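Since every read-out is calculated from the coordinates, none of them should be taken as a lab result. Worth saying up front: this structure is predicted, and the values here are computed from it rather than measured. Every residue, glycine among them, receives a Cβ derived from its backbone with ideal geometry; neighbour counts consider all protein chains shown.
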Amino acid sequence: MNQTQQIKHVSKPQPLPQRLFGAAFFCIALTMGCNATTQRQNLLGKAAFERGDHSQAINSFQQALNRDPTNSDAYYNLAACYYQLGVRRQNKQFIDQAEQLYRQAIAYDDKHIDAHRGLAAMLIETGREKFAFDLLEGWRQRYPQSPEPLVEIARLYQEYGDNRRATDLLADALRNDSRNVRALKALGHVREAQGENQLALENYLRALQVNGNDQDTIARVAYLQSQITASGQGGFASPPRYGAAAPYLTR
């Protein structure tokens, strides 16, 4: 369970990863004016974390919060950092602190997709599956016309093997927004899990019509096209676990 936007040349199709949880994905809000310092500290924190300097990462994210105490991305970044450290070091205090930070991110931005996903993933990893479902269902009830909560709930159902329920939820998400890239990609993942590679390919191609620079989708299209061409009926590739996403720098 688990998060640069540069497009790589896909020279060889690759299957989907089996499990991506554990990688920390950071949000960097592209803002101007007085928030430029906050943005810079978030970037510095991400870079520090990627080179293994966790203390500097936490310091940079904390400086971002000192500059802007309501910055939901900084709360999310700190949460992701503390949670990964807590898991690696088996430090319950860090994990508890991460949960508080995820909840603060949501408190300052109730539509923060990554904070909802991160908190739900953490709740599942700590044996609180019902609370994860309740969290996302509450989000959906607050924003019934938004496709984003539906996408996250669908991915959670897929994680637990209920592809039919996941498909229904994603159909609802696409009725709310037929061009929602996350819903199209998630439906592609479900189709792959069911061995319906041609349908999955169609979903990914629709996603690329909306965002042609999505590296993850480009890779999936290349992989499926090669499988379909080679076999005439497509191969099978396992979808990512709940919380997985292509890495990115901005939302």
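Starting with the fewest neighbours, write out 130, 46 ranked by other beta-carbon atoms found within 10 Å of each beta-carbon. Show your work: numbers first, answer last.
Details: 130 10, 46 22.
Final ranking by Cβ density, sparse to dense: 130, 46.
Which FRET efficiency value, to the nearest 0.05, is calculated for residue 179 and residue 129 with the Förster distance at 35 angstrom and r the Cβ-Cβ distance?
Details: r = 32 Å, r/R0 = 0.90.
It comes out at approximately 0.65.
Which of 156, 174 has the fewest other C-beta atoms within 10 Å, and how do the rest follow up to the most? If you can, show how the numbers build up before the last one.
Numbers: 156 26, 174 20.
Neighbour counts put them in this order, fewest first: 174, 156.
Run the quick spin-label model on residue 137 and residue 171: label points 7 Å from Cα toward the beta carbon, then report their separation in nm to one decimal.
Result for the modelled spin labels: 2.1 nm.
Need one word for region 19-142: rounded, prolate or oblate. Basis is the Cα gyration tensor (sqrt eigenvalues a ≥ b ≥ c); a/c below 1.5 gives rounded, then a/b vs b/c decides.
Oblate shape, in that a/c is at least 1.5 and b/c is the bigger or equal ratio.
Mind sorting 61, 94 by how few other Cβ atoms lie within 10 Å of their own Cβ, fewest first? Let's see the in-between values first.
Numbers: 61 31, 94 17.
So the ranking, lowest neighbour count to highest, is 94, 61.
To the nearest 0.05, what FRET efficiency results for residue 231 and residue 162 with a Förster distance of 22 Å applied to their C-beta separation? Walk me through the numbers on the way to the answer.
Values: r = 28 Å, r/R0 = 1.26.
Calculated transfer efficiency: 0.20.
Compute the distance in nm between two label points, each set 7 Å from the Cα along the Cα-to-Cβ direction, one at residue 50 and one at residue 107.
Distance between label points: 3.1 nm.
With +1 assigned to the C-beta of every Lys and Arg and -1 to the C-beta of every Asp and Glu, and no other charges, what is the dipole magnitude of region 19-142 about the Cα centre in debye, to the nearest 20?
Numbers: 15 positive and 13 negative charges, 36 e Å.
Rounded to the nearest 20 debye, it is 180 debye.
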